[in-house]
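Chemist: I am attaching a structure below and will ask some questions about it afterwards.
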Amino acid sequence: MDIPALDSLPHGRRADVRAAVSAVETARLPVRPAHYRALAETALRVVVEQVLAASGRTLLAVGGGYLSGYDDDIRQRLAHEGIGILPRDDRAVLTLVLLHSVAIPQASGTTLPEQPWTLGTPVPVQELKGCRVPDGVVTSALQRLVDADLVRHTKTGYVLGHQFLRLTKSAGSELFEELILLADPAGPLAESIRRRRAFRPASQTVVPDRQTQDTP
């Protein structure tokens, strides 16, 4: 990987950058800048961003720390090429968790819009099994989603996993729009979304029913 800004650094500073890149790519929770020199210093953090960009990744500021995620252009390209797409059953059950843990509580005002999705309202498994997806599908899909850290099991139910901390702001907004279109397709907000998307370049159009997994 030829990155001039990295190659020009002294050996110790290059090691700092590589350590920070490894940390944000593998950590489950946001990495604190105080623990990594290359995240704390602006000049080195720029080099970290360049190293990540060379692999189609981007540095994300999350909850006072940092993680990495797919660059939006790369994410859309992967989705269009069918790479990293969850199976249909897993997408269906993940959508149920998103709706009951995040979208519905936010719409009812029981959670704040700025609250991280991973801290949503726990959804009891019986509530998920009370939907139209067969119980056996729910059970097997939940296990796969937990294994991928897309869903977490708490004492009171299921919430979104730490992988959702790795979404860019654009990816999170697009995904929430998809939930609105699904939950209230005839509503004014859904209509506003459709009007706005009608003027969006084709390359920026969301691929429906697809969720690219970002596995660190």
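The values are calculated or read from the model by the stated rules, or taken from the named source; none is laboratory data. Source: prediction; values computed, not measured. Please note: Cβ atoms are built from the backbone with ideal geometry, for glycine as well, and neighbour counts cover all protein chains shown. Surface areas here come from the heavy atoms of the whole protein model, side chains and all, with no ligands, DNA or RNA. Shrake-Rupley method; radii C 1.70, N 1.55, O 1.52, S 1.80 Å.
Chemist: Under 17 Å from the mean Cα position of the chain (by Cα) and open to solvent by 40 Å² or more (accessible area, probe 1.4 Å), is that true of ASP89? Working first, answer last.
Modeler: On the way: under 17 Å from the mean Cα position of the chain (by Cα): no; open to solvent by 40 Å² or more (accessible area, probe 1.4 Å): yes.
Judged against the criteria, ASP89 is not a match.
Chemist: Right, PHE164: aromatic (Phe, Trp, Tyr) and either modelled with pLDDT of 90 or more or surrounded by fewer than 12 Cβ atoms within 10 Å (Cβ to Cβ) (or both) or not? Explain how you work it out, then say what you get.
Modeler: Details: aromatic (Phe, Trp, Tyr): yes; either modelled with pLDDT of 90 or more or surrounded by fewer than 12 Cβ atoms within 10 Å (Cβ to Cβ) (or both): yes.
So PHE164 fits the description; yes.
Chemist: It is to be established whether one or more residues within region 108-115 are in contact with a strand residue (DSSP E or B) (Cβ under 9 Å, 6 or more places away or on another chain), crowded, with 17+ Cβ neighbours inside 10 Å and at negative phi.
Modeler: Scanning region 108-115 turns up no residue that is in contact with a strand residue (DSSP E or B) (Cβ under 9 Å, 6 or more places away or on another chain), crowded, with 17+ Cβ neighbours inside 10 Å and at negative phi.
Chemist: Then there's this: Any idea which of ALA27, ALA15, ALA19, ALA61 is closer than 19 Å to PHE164 by Cβ and open to solvent by less than 60 Å² (accessible area, probe 1.4 Å)?
Modeler: Details: ALA15 fails: closer than 19 Å to PHE164 by Cβ; ALA19 fails: closer than 19 Å to PHE164 by Cβ; ALA61 fails: open to solvent by less than 60 Å² (accessible area, probe 1.4 Å).
From the options ALA27, ALA15, ALA19, ALA61, the qualifying one is ALA27.
Chemist: Just for helices (runs of 4 or more DSSP H) wholly inside region 1-99: which have at least 2 residues that are over 24 Å from GLY172 (Cβ atoms) and of a type in the set (Val, Ile, Thr)? Please lay out each step first, then the result.
Modeler: Working: elements: 4-7, 11-26, 37-40, 42-53, 72-80, 88-98.
Passing ranges, in order: 42-53.
Chemist: For region 90-106, what are the residues that are in contact (Cβ under 8 Å) with a residue 12 or more places away in the chain and more than 20 Å from ALA148 (Cα to Cα)? Break it down into steps so the answer makes sense when it comes.
Modeler: So the first thing to find is which residues in region 90-106 are in contact (Cβ under 8 Å) with a residue 12 or more places away in the chain, and the list is 90-105.
Within region 90-106, ALA103, ILE104, PRO105 meet the criteria.
Chemist: Taking into account only those residues within region 169-215 that are modelled with pLDDT of 80 or more and in contact with a strand residue (DSSP E or B) (Cβ under 9 Å, 6 or more places away or on another chain), which is farthest from LEU150 (Cα to Cα)?
Modeler: By that ranking, first place goes to LYS169.
Chemist: In addition: Here's a check for you: in region 116-133, which residue that is outside any helix (DSSP H, G or I) and either in contact (Cβ under 8 Å) with a residue 40 or more places away in the chain or aromatic (Phe, Trp, Tyr) (or both) is surrounded by the fewest Cβ atoms within 10 Å (Cβ to Cβ)? Break it down stepwise before answering.
Modeler: First, the residues of region 116-133 that are outside any helix (DSSP H, G or I): 116, 120-124, 130-133.
Filter once more, so that each one left must be either in contact (Cβ under 8 Å) with a residue 40 or more places away in the chain or aromatic (Phe, Trp, Tyr) (or both): 116, 120, 133.
On the way: PRO116: 13, GLY120: 24, VAL133: 16.
Ranking the candidates gives PRO116 first.
Chemist: Here's something else I'd like to know. Here are LEU112, LEU181: which of them is farther than 27 Å from ARG57 by Cβ and assigned to a helix (DSSP H, G or I)? If you could, list the steps in order and put the result at the bottom.
Modeler: Numbers: LEU112 fails: assigned to a helix (DSSP H, G or I).
Of LEU112, LEU181, the one residue that is farther than 27 Å from ARG57 by Cβ and assigned to a helix (DSSP H, G or I) is LEU181.
Chemist: Assess whether ALA103 counts as being open to solvent by less than 30 Å² (accessible area, probe 1.4 Å), more than 20 Å from GLN143 (Cα to Cα), assigned to a helix (DSSP H, G or I) and touching a strand residue (DSSP E or B) at 6+ places or on another chain (Cβ under 7 Å). Show your work before the answer.
Modeler: Working: open to solvent by less than 30 Å² (accessible area, probe 1.4 Å): yes; more than 20 Å from GLN143 (Cα to Cα): yes; assigned to a helix (DSSP H, G or I): yes; touching a strand residue (DSSP E or B) at 6+ places or on another chain (Cβ under 7 Å): no.
No, not satisfied.
Chemist: State all residues of region 134-158 that are loosely packed, with under 15 Cβ neighbours inside 10 Å and in a helix (DSSP H, G or I); if no residue qualifies, say none.
Modeler: Taking region 134-158 first, the residues loosely packed, with under 15 Cβ neighbours inside 10 Å are 134-136, 139-140, 143, 146-147, 154-156.
Matches in region 134-158: ASP135, GLY136, THR139, SER140, GLN143, VAL146, ASP147.
Chemist: Is it the case that region 183-190 has a residue that's on the phi < 0 side of the Ramachandran plot, surrounded by 13 or more Cβ atoms within 10 Å (Cβ to Cβ) and in contact (Cβ under 8 Å) with a residue 40 or more places away in the chain?
Modeler: Yes, because at least one residue in region 183-190 is on the phi < 0 side of the Ramachandran plot, surrounded by 13 or more Cβ atoms within 10 Å (Cβ to Cβ) and in contact (Cβ under 8 Å) with a residue 40 or more places away in the chain.
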